[in-house]
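The values are calculated or read from the model by the stated rules, or taken from the named source; none is laboratory data. This structure is a prediction, so every number in the text was calculated from the model and none was measured. Positions of Cβ are backbone-derived with ideal geometry, glycine not excepted, and every protein chain shown enters the neighbour counts. With ligands, DNA and RNA removed, areas are computed over all heavy atoms of the protein, side chains included. Shrake-Rupley method; radii C 1.70, N 1.55, O 1.52, S 1.80 Å.
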Amino acid sequence: MTNQYLALEEIQEKCNQLTNEYEVDEEKFYSIVEKWAEKDVQLEQKLLSSFTELLDVVSSEITNMEKHVGLAPTCRLGCSFCCYFPIIINEMEAKFMKQAIENFPAERKKAIRNHLIHYYDKYGDQISENNKLDFANDADFKLKYRKSLTPCPMLNTETNQCIAYEIRPIPCRTYMNYTNPTVCKTNLMPKETISFEFLYSEYMGALNEFLQFLYEEGDTGFVQYPDDLYKQDYLTNWMKDLINLS
């Protein structure tokens with residue numbers, strides 16, 4: 001019986017094929033913000049709809065790339081090993097996530113708040129230690145963070161499912177496994193996994209263009225532009241104030 005999983009060399013070959021043959025459709029990203037800039041709706045809706053639709057475009061682009069070279073992810077529901085990596089986003093992205101959660105139905109917001117109260121009570125010491133890591137200058141910070149086994153604040157560790165899956169940030173969407181899923185179970189930093197995080201540039205470029213347009217119009221809503229673009233931190237720190245959800 002032949003091995004049903006791709007070997008590292010096969011994955012690398014398909015990635016090289018993508019680099020040589022596939023061109024990301026930037027227009028898909030910019031058409032989203034152009035559409036919402038023209039709509040006659042409240043500013044908050046313009047911002048949140050652009051944010052969520054751009055995230056969907058990132059996911060669809062990954063699917064298109066997989067189809068182009070015949071890749072099939074082996075990640076499955078209930079697999080959460082990647083949810084123990086450090087997730088670093090800027091304050092603008094954090095505000096988008098938090099505002100989207102604020103708009104969730106009351107019962108879901110209550111469940112998220114209760115989850116986070118328990119999370120920060122249980123993992124507070126680990127988070128404090130992880131905050132001592134210099135993610136900007138320490139080349140090994142990711143491995144050091146990974147060794148702490150600190151789950152993402154959005155992970156329900158009983159079900160191994162994300163409690164805010166539809167608004168999960170770019171690092172969560174772009175980290176993929178195409179070989180035997182046991183490599184994630186047996187290695188803190190598996191070399192077989194790959195990332196499509198280069199799509200971040202199109203996603204953030206479109207968002208930035210939209211916010212720049214709003215800034216020139218005189219109102220950027222709940223985003224403090226451009227300051228929020230330049231403040232980066234762990235998702236564990238950005239999400240803590242959600243324990244005050246009403």
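From the Cα gyration tensor of segment 96-164, with a ≥ b ≥ c the square roots of its eigenvalues, which class applies: rounded if a/c is under 1.5, or else prolate if a/b is larger than b/c, or else oblate? Prolate, since a/c reaches 1.5 and a/b exceeds b/c.
Surface composition of the chain: carbon and sulfur make up 48 percent of the accessible area, probe 1.4 Å. Note that the chain presents 54 Å² accessible area per residue, ligands and nucleic acids not counted, probe 1.4 Å. Is segment 176-220 best put as rounded, prolate or oblate by its Cα gyration tensor, with a ≥ b ≥ c the root eigenvalues, rounded for a/c under 1.5, and otherwise prolate when a/b is larger than b/c, oblate when not? Since a/c reaches 1.5 and a/b is larger than b/c, the shape of segment 176-220 is classed as prolate.
Expressed as a fraction of 2.2 N^0.38 Å, the C-alpha radius of gyration for the chain is 1.06.
Placing unit charges on the Cβ atoms only, positive for Lys and Arg and negative for Asp and Glu, gives segment 99-246 a dipole magnitude near 860 debye about its Cα centre. Normalised radius of gyration for segment 192-246, please: alpha carbon Rg relative to 2.2 N^0.38 Å, two decimal places. For segment 192-246, the normalised Cα radius of gyration comes out at 1.46. State whether segment 85-219 is rounded, prolate or oblate according to the following rule on the C-alpha gyration tensor (a ≥ b ≥ c being the square roots of its eigenvalues): a/c under 1.5 gives rounded; otherwise a/b larger than b/c gives prolate, and the remaining case gives oblate. It is oblate, given that a/c is not under 1.5 and a/b is not larger than b/c.
Relative to the 2.2 N^0.38 Å rule of thumb, segment 1-111 has a C-alpha radius of gyration ratio of 1.40.
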